Structures are given as structure tokens and as C-alpha cells.
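Since the structure comes first, as C-alpha cells, the remarks are kept for the end.
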Amino acid sequence: MEKIRLMVVDDSLLFRELVAKGYEKDDCIEVVGFAADPFEAKDRIPKLAPQVLLLDVEMPRMDGIKFLRNLMPQYPLPVIVISSLAVSVFEALDAGALDFIAKPASVADQPAFLRELKDKVLAASTARFAFRRRVPDAIELSAEGVAGAVDASRLIAIGASTGGTDAITSILTKYSANMPGIVVAQHMPSGFTKMFAQRLDAACHLTVREARDGDAVEPGTALIAPGGLQMEVVREGTPGAGGCYRVRCRESAPVNGHRPAVDVLFGSVAEAAGPRAIGVLLTGMGVDGAAGLKRILDAGGRTIGQDERSSVVYGMPMAAWVMGAVQVQLPLFRIADEILRMAQG
């Protein structure tokens, strides 16, 4: 198997050396070159032909976001941005970056950083990158236009990884404020989920916020699992008849290498909501969420998986499909309406 060709654009010589040494004997990744700033990068990218670009956001002469906006129309390729600032990360994603990673804060953090970066490079190398800029083959429907009252006792759980920020946004922005409560686990580190929730809240009719331990999952609200914590849902009384669902956020161990993990959230939703649960597994690499989605199905809930063609990375939803956990597999532009139909039923 040919190695994935990775190029690094970063003004820090120490960081470039860290990546070079970290993968010099790797079986999957070959670091094919470096650039200290975007001006060097623009000349070297066509010559080096990288499959994945690792790009620093904060650089002299030109920042990574401006470079992305110039690069993508001419030379579109999967880009993983490096930043410790949540605002910069989401601006970079809007500019066309596929994923992001935070720089290691200390020498002790470097091995974990290199492992995480490797996973992201592997995912980026298989991504259906062009899909993010492709117009859907069918007209996108508005879920608000579907007639019928929703069942407030329903609980909607959504999980995603690579490509998930776009996918989650495309679903939640379609809803009016009368939807049943929604809980979301997006693979994202501590410090970034709060900004993600704030950006969604500004774009949605729903109230969207980063979850806090003990929050009630209320109709018209979407709670985003906080980065660095595992989030579970518990039931208090009978939802819709005076009771409610409530989230628990804990510093427990990673599951499937993730915290928050979709499997943790989905498993708790299956137990708390049973046949009232609606589980939705979106784009992402790996298998996280597949077993949890099967638990929702086995508990009598409804389940949806994103299809291969519309997934940036068809890993997590494929694992769920193969496992028999997916009742309905759909392209992204149809998922919001299907969730609403299930919530009405």
C-alpha cells in the first residue's frame, strides 16, 4: 500500500521537525515536504503533489485562513488546520478545511498528538472532499414545511466525526423551535465545542448550547456534548408527562479513542428513551456509534445512517450499516425531514 503524501505548512521549525521525525519510519504516512509560510507553499504544492496538507492558521505574512481561500479554488485538496483558537478553527472550516487539530501544549503531549494526527490524515486521505462543494442532485427540502405535530417525549441523538460540523449544521438549521430535545456528540476536543454550539445557536431557530452536567434536554433545544467529557442521558419520570431527560457529563475514560464518544451517548439514549429514541449516525472515520445505534434499534427506537455518497468519510455509518443497526440509510439532504417524520410518529 502506498504511503499517504503529507505536506506541512508551519512557520515553526521545531513543529516541522516534530512531524518529520514522528513519521519518518511510519508505514502509512510520508512527509513529502515543508513550507514555512503560504508563499513558499503555493510554489511547492504543485511540485510535491501532497494528498493531505497540514496547515498552521497563525503565520506571518499571510494567515492560513486567507491562504485556504486562495488555495481551494485553484488546488482543492484535504486540509487539516492547526490552531489553539476555536474562532480560527471554525473560520478555517468555513474556508474549506476538512478537519483541525490543536498543537501539543508540551513535550509530554507530543505522542498523543502524533497518534491523533495520524488518524486524521488517514481519514482525510479517504475523504470525499469534492462533495462538500457539490450541489445536491435533488432539491433540498425544508423540514419546517412538513405538516403534523411532533411527540415531545421523543429524544433525538446525533453522532458524527470528520465532516460532521457541516452535516450537523445542515440538519439543525432546518428546524423550528418545536422539535423534541436533541443531544449531539461530535468528535471535538475541549475548548472547541462551546464555540461550535454558539455558532449553531446563532444560525438556528433551536436553542443550541454546550451541555452542562445536569442540564435538562428540553423541546426546542440541542445540547452539544462538551469536548474532553463523556455525555450520557438519564430519564427522570415520564418525559412529556411532567418528567424529563437530563444529561450527565463526566471525565470518564475515552471510548473508541474518543471523549465524547458517540457510543457512550447512544447507549445511554437507548436505555433512557427506548422506543422513544431516534438515533442518527453521520459522516466519520472508524466505528464509534455503530454499537450504540444498534442498542437504540434493539430497544425499539428508530435509526438513520448517512449514505456513502453524501458522507465525507463513510466509516462510522458504514460500520453501523454492516452491523444491521441502520433502519434507513439516506443522503444528507434528506435526513432532517426523515428525523422530523419519525418525531411525528
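The values are calculated or read from the model by the stated rules, or taken from the named source; none is laboratory data. Note that the structure is predicted; figures quoted are calculated from it, not measured. Here the Cβ positions follow ideal geometry from the backbone for every residue, glycine too, while neighbour counts run over all protein chains shown.
Overview of results
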read-out	value
The one condition in (1) under 21 Å from G163 (Cβ atoms); (2) touching a helix residue (DSSP H, G or I) at 6+ places or on another chain (Cβ under 6 Å); (3) buried (at least 24 other Cβ atoms within 10 Å of the Cβ) that M316 fails to fulfil	(2)
Residue within the range 288-299 that is in the same structural domain as G214 (by TED's automatic domain parsing), surrounded by fewer than 23 Cβ atoms within 10 Å (Cβ to Cβ), in contact (Cβ under 8 Å) with a residue 12 or more places away in the chain and closer than 25 Å to T193 by Cα present	yes
Hits in the range 20-38 (condition: touching a helix residue (DSSP H, G or I) at 6+ places or on another chain (Cβ under 9 Å), surrounded by fewer than 20 Cβ atoms within 10 Å (Cβ to Cβ) and hydrophobic (A, V, I, L, M, F, W, C))	C28, V32, A36
Residue match in the range 243-250 (condition: in contact with an Asp or Glu (Cβ under 7 Å, 6 or more places away or on another chain), surrounded by 18 or more Cβ atoms within 10 Å (Cβ to Cβ) and closer than 20 Å to S161 by Cα)	yes
Unmet criterion (only one of (1) over 22 Å from E2 (Cα atoms); (2) surrounded by fewer than 16 Cβ atoms within 10 Å (Cβ to Cβ); (3) modelled with pLDDT under 90) for A108	(3)
Looking only at the range 169-192, and only at residues there that are of a type in the set (G, A, S) and outside any loop (DSSP other than H, G, I, E, B), the one that is nearest to E251 (Cα to Cα)	A185
Flag if P226 is in the same structural domain as R154 (by TED's automatic domain parsing), farther than 25 Å from A86 by Cβ and outside any strand (DSSP E or B)	no
Search result, residues across the range 49-76 that are more than 24 Å from E116 (Cα to Cα) and of a type in the set (A, V, I, L, M)	M62, L71, M72
Test: K47 is charged (D, E, K, R), surrounded by 15 or more Cβ atoms within 10 Å (Cβ to Cβ), outside the structural domain of G164 (by TED's automatic domain parsing) and over 24 Å from the mean Cα position of the chain (by Cα)	no
